[in-house]
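The values are calculated or read from the model by the stated rules, or taken from the named source; none is laboratory data. Note that the structure is a prediction, hence the values are computed from the model and not measured. When we count neighbours, we look across all protein chains shown, and the Cβ atoms used for this are built from the backbone with ideal geometry, even at glycine. Each accessible area value is taken on the protein alone, full model and side chains, heavy atoms only, with ligands, DNA and RNA left out. Shrake-Rupley method; radii C 1.70, N 1.55, O 1.52, S 1.80 Å.
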Amino acid sequence: MSRVSLTVEVRGVPETLVLLHGFGGTRRAWDPVLPLLDGETYRPLALDLRGHGARADARPVSFDGCVADVLAAAGERFALCGYSFGGRVALHVALAAPERVSRLVLVATSAGIDDPAARAARVAEDEAFARDLESMTIEEYADRWQAQPLFAGTSPEAARWWREDLLRNDPRALAAALRGTGTGVMEPLWDRLGELTIPATVVVGDTDAKFVGLGERLTAGLPDARLVVIPGAGHGLPREAPAALAAAIDGEGR
């Protein structure tokens, strides 16, 4: 039994679990996972991040702004789970207020790009996409985003549901989010992982080769972390494997 679960049982009050979505999604990205979480352990709180969903107009879109929003919405102490882009935000939150985060779950994410040349190339790539976004309809954006090889393993059923979530956004707001919080502009956090001594779970899909490698690196860098590899799943874990992801979040096997 995890330390988090023990605390909840003694107090008899579910702990707040803050859930952060990936780029281009909204808080509704967690809808397939929420019914599968242990309601006696957690009180889920899924948030829209700046530039997305109900927070599309929030400015500036920055990691500092996202951190401030999360800390304002969450309780004094909470568990924290972030998927992809949301995982990068979650790392910033945990580093900014480690005393408030009881447990960290990082899903198919990264601590940034630490190679300067690769990072510069990503900045240029993201800026080109941001310019494209400013002239796209939301339907055109959804078509392009879903066509990426990264998501090739998404089932037709999951893809239909996922598209509904993508359409809840504004392409111009997503352009602002990419410029302010994209992987290229993010200062890499690999050298700071040792500061996070809280229990952590890193979750990846076994067909998501790039993020399996990043997950292994995250697990090695975090002082108290375990790696969960979900069989038969790719990058879109909240929609591809909600039951397995909920089990990992609940801390089964820890």
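Coupling constants for region 67-75 follow from the phi torsions by the Karplus curve (6.51 cos²θ - 1.76 cosθ + 1.60, θ = phi - 60°), and in residue order they are 4, 4, 5, 5, 5, 6, 7, 7, x Hz; glycine and proline get x. Put the Cα centre of region 98-158 next to the Cα centre of region 46-76 and the gap is 17 Å.
Any idea of the accessible area per residue across region 60-130, 1.4 Å probe, to the nearest Å²?
Numbers: 2360 Å² over 71 residues.
Dividing the accessible area of region 60-130 by its residue count gives 33 Å².
Highest mean first, the peptides 194-206, 14-26, 210-222 sorted by other C-beta atoms within 10 Å per residue fall in the order 14-26, 194-206, 210-222. Binning the alpha carbon pair distances of region 148-198 at 10 angstrom intervals from zero yields the distribution 18, 28, 32, 21, 0, expressed in whole percent.
Would you work out the Kirkwood radius for region 25-106? I mean one over the mean of 1/r across all pairs of different Cα atoms, in Å. That comes to 13.1 Å for region 25-106. For the residues Arg160, Arg119, Arg55, a 1.4 Å probe over the protein chains yields an accessible-area ranking, largest first, of Arg160, Arg55, Arg119.
Shown in residue order for region 191-196 are the 3J(HN,Hα) couplings computed by the Karplus curve 6.51 cos²θ - 1.76 cosθ + 1.60 at θ = phi - 60°: 6, 9, 4, x, 6, 8 Hz (x for Gly and Pro).
With θ taken as phi - 60° and the Karplus curve 6.51 cos²θ - 1.76 cosθ + 1.60 applied, the whole-hertz 3J(HN,Hα) list for region 24-39 is x, x, 9, 4, 5, 4, 8, 3, x, 8, 3, x, 9, 7, 6, x Hz, x standing for glycine and proline. Any idea what angle helix 209-221 forms with the longest principal axis of the chain, computed on alpha-carbon atoms, 0 to 90 degrees, nearest 10? It works out to around 40 degrees.
Backbone amide hydrogens, once placed in the peptide plane, bring Thr16 within less than 5 Å of Arg43, Ala79, excluding anything fewer than 5 places away on its chain. From its DSSP helices (H runs of at least four residues, each -39,500 (n - 2.57)), the chain gives a residue-normalised ellipticity at 222 nm of -12500 deg cm²/dmol. Between Ala233 and Asp206, Thr207, the built amide H atoms are under 5 Å apart, and every one of these is 5 or more places off in sequence or on another chain.
Annotation: amide H-H contacts under 5 Å for Leu47 (H modelled 1.01 Å from N, sequence separation of 5 or more, or interchain): Leu19, His21.
Helix 171-181 axis versus longest C-alpha principal axis of the chain: approximately 60°, rounded to the nearest ten. Sorted largest first, the spans of the alpha carbon positions of region 160-254 along the three principal axes are 39, 32, 23 Å. Axis of helix 156-166 versus longest Cα principal axis of the chain: the two differ by about 80°, to the nearest ten degrees. The ratio of the alpha-carbon radius of gyration of region 100-218 to the globular-protein estimate 2.2 N^0.38 Å is 1.19. Between Glu157 and Leu36, full extension at 0.36 nm per residue minus the direct alpha carbon distance yields a gain of 41.7 nm.
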